[in-house]
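Values quoted throughout were computed directly from the atomic coordinates according to the rules given, and no laboratory measurement underlies them. Note that the structure is predicted; figures quoted are calculated from it, not measured. Here the Cβ positions follow ideal geometry from the backbone for every residue, glycine too, while neighbour counts run over all protein chains shown.
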Amino acid sequence: MAASRAPDPSSAATSGDSLRQLAGQRIVFGFQGTHAPRSLLQRIHRREAAGAILFSRNISSRSQLRSLTRALQAARPAGDPPVLVMIDQEGGVVKRLSGAPHHLPAELGKKNDASLARREGRDTARNLRDAGVNVNLAPVLDVGRPGSVMRKLGRSSRATPRASRGSAAPSRTGSPMDTGKHFPGLGAARHDEDRSINRIGLSASTLRHTDEAPFRALARDGLPLIMLSTAVYPALDSRPALFSPRIAGGELRKRCGFAGVSITDDLETAAAMHFGSPERRARLAAHAGDDLLLFAQSYSAGERGATELARVVGRTAAERSVKRIRALRESLR
């Protein structure tokens, strides 16, 4: 007789969800101000949100931030896993809270010191956990090139994963999750990704053997989250990575063996907004195979994206992503 399998809690949770709930659980919402909108708290209670992303605009003090993150978690229905509370705490110019990390990503890459990276990772996790943040949208895994405008961790596909491995280790229960970005690599970007579309003219061979290497290494180590970039990689596809099934599915899932949760870069950057309305951007990202959709600037854009997903995405595809997302959230208990 075959051994019985333990039930999959994420499967049981999604089987009774409506399409509206499944769609909402794929959206990370941004908002203005230091208090969560009542409508977002209601969404969380109805199981129609994955979580929220916080910026400096949402933080006036550490005690206020703790109150905000507690309110987001308190809105959950009984028995639901923690909602995702995200922040960009890379170090250097991209750092929303005081405290760790104390080194620029490029400094870690230059030093190529795994013990220093582990120490920075531990200190950063403690810093975020104290504030109630459970997802760090870092580290940057981009392999740097001369002239690039991007924050990058290193100039070598060998040094980058070594320098980042300590800070991007799989999360322990209750610790903030790390997110590798920006797949398949923005180290050759010449323009600010928030303002214009980058076209990365590297060959498919270079992208796969150099730029994807840090992501592949950490995917093997169990990295739970990877962010897809807004850039276009003509050697792989004519569409930006976050809208490309070839990249989100073929490169990330198949070539790199990533089994965790994929997340878009901000769908409200100028590069992404070039592709139309929030509804169209949500549709393109979902059809590419992205699990979590990040609408970081306006709460209303996230609402419109969620409504569109409920309308156009079939149950099977929605459940596949939500099962991964709920497993991630369960690991944060």
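What nm value, rounded to one decimal, do you get for the distance between Gln32 and Asp123 when each label is placed 7 Å out toward the C-beta?
3.6 nm
When a/c reaches 1.5 or more, the comparison of a/b and b/c decides; with that in mind, is segment 20-330 rounded, prolate or oblate per its Cα gyration tensor?
oblate
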